[in-house]
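These notes concern the structure reproduced below.
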Amino acid sequence: MRESCHLARSIMNTVGETIQAGMTTEDIDALVHKRVIESGAYPSPLNYRGFPKSVCTSVNNVACHGIPNKRRLVDGDIVSVDITVFSNGYHGDCCETYLIGNVDEAGMQLVNAARRCRDEAIAICGPGVPFSDIGAKIEETAKMENVTLVPCFTGHGIGQYFHGPPDIYHCYNDYPGTMEEGMTFTIEPIVAQGSEEVIILEDGWTAVMLDNGRAAQFEHTILITSIGVPPHTRNAVISL
């Protein structure tokens, strides 16, 4: 898991160094695909339940699961890039939202709020902590940041399977279950500027905000250790 997650993080870093106005989201897909294959791994999204590309790219009002296409990024866009790799039998998963050129203040605040929601949730994780505490912390943080939490998408267990138990709800909930040492799962809240409602387009994947407001998402894969998630690794994809 550490190896697969570090690979995903390395490829994400390359995207962050490269992404700019004028690129298409298909360019991002080609870059990710090339790096994954060169590393001897496989891009987990490709052909997963019919998904046609190697990465999800969600621009502006797309909440998640955007399919890369020929649309060029322009100054002022925000775009989330969700990368998952399958390496040596394990999946590593992460997502970042990038600012393209000169993004307005509201857009920057939205992106910062999404990052904070993820990081505040990671900070409470540890053995014996209820999974429901994650959703409570994210919703509390979203309210403090004056953004709308999009509750219909969850984090998930991950390892030799891409998606599986436990389900990680990003909103207030009372579902049972507690974290145990050795568990690996994702935390990946989405926040938006307006309504929480989304609609899935005819492609069966692209989730668009119903009111056309912008959305942002950040994701890490988390490993629960005997001391929780060690502070010096909270900015990594997975704790060490």
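What the table below lists for this structure:
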item: Cα-only radius of gyration and Dmax that characterise segment 24-84, units Å; result: 11.4, 35
item: Global form of segment 164-221, assessed from the alpha-carbon gyration tensor, a/c cut-off 1.5; result: prolate
item: Pair Ala30, Glu17: separation of 7 Å Cα→Cβ label points (nm); result: 2.0 nm
item: Spread of Cα-to-Cα distances over 10 Å intervals beginning at zero, given as percent, for segment 91-130; result: 23, 39, 27, 10, 1
item: Relative contact order of segment 1-59, pairs being alpha-carbon contacts under 8 Å that are 6 or more residues apart, as %; result: 25 percent
item: Radius of gyration and Dmax over the Cα atoms of segment 32-141, both given in Å; result: 16.2, 46
item: Theoretical ellipticity at 222 nm over the chain - DSSP helices of four or more residues, -39500 (n - 2.57) apiece, nearest 500; result: -8500 deg cm²/dmol
item: The chain - percent of accessible surface contributed by carbon and sulfur, probe 1.4 Å; result: 50 percent
item: Largest-first principal axis extents, alpha carbons of segment 111-204, Å; result: 37, 34, 23
item: Candidate residues Glu219, Glu96, Glu202: accessible-area rank, largest first, probe 1.4 Å; result: Glu202, Glu96, Glu219
item: Fraction of alpha-carbon pairs over 26 Å apart in the chain - percent; result: 33 percent
item: Mean separation of Cα contacts under 8 Å (6+ apart) over length of the chain, as relative contact order %; result: 22 percent
item: Solvent exposure of the chain as accessible area per residue, Å², 1.4 Å probe; result: 43 Å²
item: Segment 132-170-segment 56-128 distance, computed between alpha-carbon centres (Å); result: 14 Å
item: Solution diffusion estimate, µm²/s, Stokes-Einstein, segment 61-101, Kirkwood Rh from C-alpha pairs, 20 °C, viscosity 1.002 mPa s; result: 179 µm²/s
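The values are calculated or read from the model by the stated rules, or taken from the named source; none is laboratory data. On a predicted model such as this, the values are computed, not experimentally measured, just so you know. Glycine gets a Cβ as well: all are built from the backbone with ideal geometry, and neighbour counts include every protein chain shown. Accessible surface is based on the protein model in full, side chains and every heavy atom, while ligands, DNA and RNA are left aside. Shrake-Rupley method; radii C 1.70, N 1.55, O 1.52, S 1.80 Å.
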